[in-house]
Amino acid sequence: MSIQSYRDLRVWQEAMTLAELVYVLTKQFPKDELFGLTSQMRRASVSVPANIAEGYGRESTGAYVQFLRVSQGSLKELETHALLANRVGILSEQDTIGLLSLAESTGKMLRALIRSLEK
């Protein structure tokens, strides 16, 4: 399969699935977290596929890699928010494990893409 668009990238597709999961999970958060962890987790999760897409649209490989690194940072931010949500009791252990697992696999794909572009 040839890559015609960022939408064809498996890493972008997985990042979109991750963002979708975050929206589903944060719907159950308390209303008083709307401007706290709910907002932070959603923003970080959306940043991952958005930066993959934005970097893809750049004219240079260096810029693309930089945007992929921003995606990696957003992924780590999301993981931290998920761990905190679990610690304060608003995200279950099972949901936290599922979210972290998907984040980890997305991160591995990001690292592989960065390595391939840096060659």
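No lab work stands behind these numbers, since they all come straight from the coordinates. Model, not experiment: these values are computed from the prediction. Please note: Cβ atoms are built from the backbone with ideal geometry, for glycine as well, and neighbour counts cover all protein chains shown.
Near Ser39: Cβ cut-off under 15 Å, other residues only, Lys/Arg at +1 and Asp/Glu at -1. The net charge is +1. Once C-alpha pairs closer than 8 Å and six or more residues apart are averaged by separation and normalised to the residue number of the chain, the relative contact order reads 28 percent. Listed by chain and number, the lysines whose C-alpha is less than 17 Å from the C-alpha of Lys76, apart from same-chain residues fewer than 8 away, are Lys108. Taking other C-beta atoms within 10 Å as the exposure proxy, Val11, Val65, Val88 rank Val88, Val65, Val11 from fewest upward. Phi angles of the range 14-22 translate, via the Karplus equation with coefficients 6.51, -1.76, 1.60 and θ = phi - 60°, into HN-Hα couplings of 5, 5, 5, 4, 4, 4, 4, 4, 4 Hz per residue; Gly and Pro are given as x. Largest mean-square fluctuation among Gly57, Gly73, Gly107, in a Gaussian network model of the chain whose springs join Cα atoms under 10 Å apart, belongs to Gly57. Within the shell of other residues whose beta carbon sits under 13 angstrom from the beta carbon of Glu118, the net charge comes to +4, with Lys and Arg scored +1 and Asp and Glu -1. Count Lys and Arg as plus one, Asp and Glu as minus one, and take only other residues whose Cβ is under 15 Å from that of Pro49; the net charge is then 0. Approximating the spin labels as points 7 Å out from Cα along Cα→Cβ, the Thr61-to-Lys27 distance works out to 4.3 nm. Arranged from fewest to most other beta-carbon atoms within 10 Å of their beta carbon, Asp95, Asp8 become Asp8, Asp95.
Comparing Gln94, Gln40, Gln72 in a Gaussian network model of the chain where C-alpha atoms under 10 Å apart are linked, the largest mean-square fluctuation is found at Gln94. Between Ala15, Ala82, Ala63, the GNM of the chain built on Cα springs shorter than 10 angstrom shows Ala63 fluctuating the most.
3J(HN,Hα) couplings calculated from phi for the range 61-75 with the Karplus curve 6.51 cos²θ - 1.76 cosθ + 1.60 (θ = phi - 60°) are, in sequence order, 5, x, 5, 4, 4, 4, 5, 5, 5, 4, 4, 4, x, 5, 5 Hz; Gly and Pro show x. The separation of the range 78-117 from the range 1-77, counted between C-alpha centres, amounts to 12 Å. The HN-Hα couplings worked out from phi for the range 105-119 by the Karplus form 6.51 cos²θ - 1.76 cosθ + 1.60 (θ = phi - 60°) are 5, 5, x, 4, 5, 4, 4, 5, 5, 4, 4, 5, 6, 7, 6 Hz, whole numbers, x standing for Gly and Pro. Dipole magnitude for the chain: computed about the Cα centre from +1 point charges on Lys and Arg Cβ and -1 point charges on Asp and Glu Cβ, it is near 240 debye.
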